[in-house]
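Participant: Quick one: structure below, then a few questions.
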Amino acid sequence: MNVLLLGSGGREHALAWKIAASPLLTKLYASPGNPGIGRFAELVKLDVADHSAVAAFCQEKKIDLVVVGPEGPLVAGIADDLRAWGIRVFGPSKAAARLEGSKGFTKDLCAKFNIPTAAYGRFGDLAAAKAYVEKTGAPIVIKADGLAAGKGVTIAMTQHEALAALDACFDGAFGPAGAEVVVEEYLTGEEASFFCLCDGATALPFGTAQDHKRVGDGDTGPNTGGMGAYSPAPVMTPEMSERTMREIIEPTMRGMANLGAPFAGILFAGLMITDQGPKLIEYNTRFGDPECQVLMMRLKDDLLVLLNAAVDGQLAHMSARWSDEAALTVVMAARGYPGTPEKGSVIRGLDEAASDGTEIFHAGTAINGGALVANGGRVLNVTATGATVGEAQKNAYAAIDRIDWPQGFFRRDIGWRAVEREQTGR
Ligand code: AMP
Ligand code: GLY
């Protein structure tokens with residue numbers, strides 16, 4: 001098979017690595033890709049917003065499957081447009097990608113199909129939203145409806161903060177994404193990420209993970225796209241996974257089919273495990289980054305076979321096998337992230353740092369004058385396996401010690417919660 005992978009981050013490097021291991025693969029193309037992905041794929045420059053240009057490329061290169069990494073193109077309808085040209089695509093339709101593209105859409109789906117989630121109100125005007133906040137009180141959560149690059153959520157511990165967040169939203173802080181807001185109940189518990197591979201009718205559980213969104217040790221400082229992750233998530237016991245499937249995922253699959261927008265692709269549920277059980281915080285309609293990196297390290301089966309089954313509606317006949325080992329990834333970021341990262345510093349020692357069971361996925365790298373340089377905020381994902389999360393953590397940090405990149409920084413405590421659990425036996 002000829003495959004085209006769209007995207008350029010650590011998530012896509014991990015997907016490329018796994019796809020390249022498949023005996024089904026003839027040739028992999030990636031656009032735009034990155035130097036790490038370039039080891040497995042021919043990198044091509046396509047304008048991903050120009051769906052006809054992507055389709056023309058697929059026809060010329062006889063692409064049998066397009067795998068879409070990030071949410072932007074999905075929400076923009078690339079899967080529908082390529083399918084209209086007869087091209088097979090792994091990723092949801094525009095209508096199904098509303099699960100990520102509109103928080104209000106997802107909340108209404110939850111209300112309609114009785115899916116456990118935070119109580120909420122959905123507002124298109126400031127006065128009504130403010131009245132709801134004044135009635136409900138704080139803590140409370142304010143969310144821009146649309147895609148806001150992970151920045152559209154404010155956890156307001158006071159009513160004053162909540163009202164200020166609403167002002168900012170309706171003032172255009174998030175552009176059109178903030179023209180509507182969701183105001184919702186503040187949930188407490190432990191967060192976990194739950195993934196399913198979906199074919200429109202069947203959802204196949206596809207691993208669990210936990211990530212660290214804050215930039216600093218001890219989960220402090222500003223939010224980021226994710227500074228590290230590990231899999232599996234200890235809080236997702238078999239019972240909790242089973243409840244998540246029954247109470248959240250399966251009603252979502254039925255609900256989406258019922259609305260005429262069956263979901264096919266990766267359904268990524270961000271969960272809060274509360275005293276009452278799992279509640280949906282949000283859906284993403286793609287793999288997480290860096291969660292994908294730890295999932296790919298643990299997946300024993302051929303990813304391409306599974307993606308094909310999802311595209312062909314054959315998941316009812318499939319299973320996915322996972323390594324008993326844990327996997328953990330530490331993000332190395334460029335100084336300045338999550339603000340403005342410094343670009344251009346030289347990175348050395350990656351070949352020495354990688355070993356059996358340790359992969360270094362590129363996120364924001366480039367080649368400049370023959371040298372590997374930092375070219376983004378999150379730059380490398382140092383990913384290792386181990387018998388326990390603690391061991392995977394030890395292996396990942398040992399690899400980081402062998403990387404020569406003084407301008408990079410990283411958290412030293414990725415996985416702390418799981419490691420603490422392992423140490424105390426609770
Ligand atoms: P999101 O962009 O929707 O993933 O939200 C970012 C983060 O905000 C989540 O990972 C949670 O940590 C937090 N969050 C979102 N919604 C809630 C909520 N209703 N209650 C508590 N925390 C929340
Ligand atoms: N790491 C969170 C995400 O990919 O959305």
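Rule-based calculations on the coordinates, nothing more; no lab input. Quick caveat, the model's predicted, so the values are computed rather than measured. All Cβ positions, glycine included, derive from the backbone under ideal geometry; neighbour counts span all protein chains shown.
Participant: Which far-off residues, 5 or more places away or on another chain, put their amide H under 5 Å from the one on residue 335, with H placed in the peptide plane?
Facilitator: Those lying under 5 Å, H to H, from residue 335 are 342, 409.
Participant: Also: Hey, what do the phi angles of region 64-73 turn into as Karplus ³J(HN,Hα) couplings, whole Hz, using 6.51/-1.76/1.60 and θ = phi - 60°, x for Gly and Pro?
Facilitator: These are the phi-based 3J(HN,Hα) values: 8, 7, 10, 10, 9, x, x, 7, x, x Hz.
Participant: Taking 26 Å as the cut-off for C-alpha to C-alpha distance, list the pairs among 107/213; 343/394; 151/279; 18/394; 27/103 that go past it.
Facilitator: 343/394; 27/103
Participant: A follow-up question, please. Calculate one ³J(HN,Hα) per residue across region 383-393 by plugging θ = phi - 60° into the Karplus curve 6.51 cos²θ - 1.76 cosθ + 1.60, and present them in order as whole Hz with x for glycine and proline.
Facilitator: 10, 9, 10, x, 5, 10, 4, x, 6, 4, 4
Participant: Amide H of residue 36: which non-local residues (sequence gap of 5 or more, or other chain) have their own amide H closer than 5 Å, using H built in the peptide plane?
Facilitator: Those lying under 5 Å, H to H, from residue 36 are 362.
Participant: Restricting to DSSP loop positions (anything but H, G, I, E, B) with no more than 12 other Cβ atoms inside 10 Å of their own Cβ, which trypsin sites (Lys or Arg not before Pro) remain in region 253-329?
Facilitator: 300, 321
Participant: Determine the dipole magnitude for region 259-353: charges of +1 sit on the beta-carbon of Lys and Arg, -1 on that of Asp and Glu, nothing else is charged, the reference point is the Cα centre, and the result goes in debye to the nearest 20.
Facilitator: On the way: 8 positive and 12 negative charges, 44 e Å.
In total the dipole reaches around 200 debye.
Participant: For the chain, rounded, prolate or oblate, judged on the Cα gyration tensor with a ≥ b ≥ c (square roots of eigenvalues), a/c < 1.5 rounded, else prolate if a/b > b/c?
Facilitator: rounded
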